[in-house]
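The values are calculated or read from the model by the stated rules, or taken from the named source; none is laboratory data. Quick caveat, the model's predicted, so the values are computed rather than measured. Positions of Cβ are backbone-derived with ideal geometry, glycine not excepted, and every protein chain shown enters the neighbour counts. Heavy atoms of the whole protein, side chains included, go into the accessibility calculation; ligands, DNA and RNA do not. Shrake-Rupley method; radii C 1.70, N 1.55, O 1.52, S 1.80 Å.
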Amino acid sequence: MAASPGSIARAPTDGQLRLITKVARMYHERGIRQTDIADTLHLSQARVSRLLKRAAELGIVRTVVAVAPGIHTEVEEALEAKHGLTEAVIVDVDGSDQDIIAALGSAGATYLETTLTGRERIGVSSWSQTLLAVVDRMRPFRVAGAESVIQLMGGHGAASAQTQGNRLLSELARLLGATATFVPAPGLVGNKIMRDSLLNDPAMESVASEWTRLTMALVGIGGLSPSPLLQASGNAVDPAIQRKLLEAGAVGDVCQRFFDSAGNLVPSDLDDRVVGIDPDTLRKTPRRIGIAGSKSKHKAIHAAVMGGWVNVLITDTGTAAELLRL
């Protein structure tokens, strides 16, 4: 069936091209308002608007995005495409682990400040130096940034470290104007019987029900060796178990759930001793934000992405390059 004459855009005549180009230059290059262009050229404002639209269709006006130094949108998009991430945020930083943690803290704070809507129920891992760096760099929200903030694993431990773990949750809740829910137990107990007894306590059952309602999780990604904060808390696995995990192929963890290089959970007796969110519930959380970087964590971060432990990643340029290589 032949197309009607009005359904095909006719090629503009030289006179029309001249007018389209003139209007485009006046608007885009000289900054003249559409109403003033209409008055100057004795056109209706509606026609000026149509001519500007036609200029874009003909390629007379093209949109060019100038990427500022230190911004890596192409790398972020490549990471998202390669690993199925919802979003990647790349921080232009190099140097020591502490330099990277500080930069990731700033990036994480900015990410939360620009993406939280006020309706989120946020789960937070307890023993992360990087998440502490995020909280230390956040500004208070003028209106509530979230409904609630809930610990994802036990927060009890050595007094000096517990203060830091509790500060992470309480300060984040204060900054967001949200309620804080703590896990009334240590992160790691002696055996399954103790763990089950704690989970069956009404207070813990209440926390566990909150885990199933999370809209996002904010987590660090650990290597096989515990961070200084986790080690100091008394909730880290002992060296003998670390060796067993290594032998079983473990490369890292999220919330003390250890996984191999493909991101698969490594079964061990340790899982029966963790007082925290279970792996299935964690990975069903809609937005799972991992904030981690440095060369020592490349394998763990790659595995966390591969296994779906996180679907939003905030990391450094060196780690991003390695993830694209793997």
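Things worth noting here:
- Cut-off under 5 Å, modelled amide H: who pairs with W127 long-range: none
- The share of accessible area on region 52-155 that comes from carbon and sulfur is 49 percent, using a 1.4 angstrom probe.
- In this structure, the amide hydrogen of R288, modeled 1.01 Å from its nitrogen in the peptide plane, lies closer than 5 angstrom to those of A217, N311, V312, counting only residues at least 5 positions away or on a different chain.
- Each residue of region 282-299 was assigned a 3J(HN,Hα) from its phi angle through the Karplus expression (A = 6.51, B = -1.76, C = 1.60, θ = phi - 60°), giving 4, 6, 8, 5, x, 10, 10, 9, x, 10, 6, x, 4, 4, 5, 10, 3, 5 Hz with x at Gly and Pro.
- When the chain is described by a simple charge dipole with +1 on each Lys and Arg Cβ and -1 on each Asp and Glu Cβ, the residue from P267, C255, G187 located farthest towards its positive end is C255.
- The candidate values were (1) 16.4; (2) 24.3; (3) 19.6; the one computed from these coordinates for mean projected area of the Cα convex hull in nm² carries the label (2).
- Projected label distance in nm at K192 and T73, using a 7 Å step from Cα toward the beta-carbon: 5.2 nm
- Packing around the peptides 298-311, 89-102, 197-210, 175-188, taken as the average count of other Cβ atoms within 10 Å per residue, puts them in this order, highest first: 298-311, 175-188, 89-102, 197-210.
- DSSP-defined antiparallel bridges as percent of all bridges, the chain, nearest 5: 30 percent
- In this structure, the amide hydrogen of A180, modeled 1.01 Å from its nitrogen in the peptide plane, lies closer than 5 angstrom to those of V149, counting only residues at least 5 positions away or on a different chain.
- In Hz, Karplus ³J(HN,Hα) per residue of region 178-191 (6.51, -1.76, 1.60; θ = phi - 60°; x = Gly, Pro): 10, 7, 10, 10, 9, 8, x, 6, x, x, 9, 10, x, 7
- Scalar couplings 3J(HN,Hα) for region 308-317, obtained by applying the Karplus form with A = 6.51, B = -1.76, C = 1.60 to θ = phi - 60°, are x, 5, 10, 10, 10, 10, 10, 8, 9, 4 Hz; x denotes Gly and Pro.
- Straightening the chain between I241 and V143 buys 30.8 nm, computed as 0.36 nm per residue apart minus the Cα-Cα spacing.
- Taking region 192-326 and dividing mean pair separation by its residue count, relative contact order in percent (alpha carbons under 8 Å, at least six apart): 29 percent
- Enclosing the Cα atoms of region 249-316 in their convex hull gives a volume equal to 80 cubic angstrom per residue.
- Under the simplified labelling scheme, the A203-S268 pair shows an inter-label distance of 2.9 nm, with each label point 7 Å from Cα along Cα→Cβ.
- Taken per residue, the accessible surface of the chain reaches 50 Å², heavy atoms only and a 1.4 Å probe.
- Contact order, relative form, for the chain: 18 percent (alpha carbon pairs under 8 Å, 6 or more residues apart, mean separation divided by residue count).
- Violating pairs (Cα-Cα greater than 27 angstrom) within the set K244/K297; K192/K295; K82/K244; K53/K82: K192/K295; K82/K244; K53/K82
- Residue among I37, G177, G318 farthest towards the positive dipole end of the chain, charges placed on Cβ: I37
- Cα-centre dipole for the chain with unit charges at Cβ (Lys and Arg positive, Asp and Glu negative), debye to 20: 1380 debye
- At an R0 of 45 angstrom, the distance between the Cβ atoms of L17 and T86 translates into a FRET efficiency of 0.55.
- Unit charges at the beta carbon, dipole of the chain: most positive-side option, T110, A304, Q151: T110
- Nearest-0.05 FRET efficiency for T179 and S96, computed from C-beta distance (R0 30 Å): 0.25
- With respect to the chain, whose longest principal axis is taken over its alpha-carbon atoms, helix 14-24 is tilted by about 50°.
- Paramagnetic label reach from R33 (point 7 Å along Cα→Cβ; backbone nitrogen cut-off under 20 Å): within region 45-60, residues 45-53.
- Between K53 and E113, the simple label model (points 7 Å from Cα in the Cβ direction) yields a spacing of 3.9 nm.
- Point-charge dipole on Cβ atoms (K/R +1, D/E -1) for region 52-151, about Cα centre, debye to 20: 560 debye
- Residue ranges 42-49, 274-281, 22-29 sort as 274-281, 22-29, 42-49 when ordered by packing (mean number of other C-beta atoms within 10 Å per residue, highest first).
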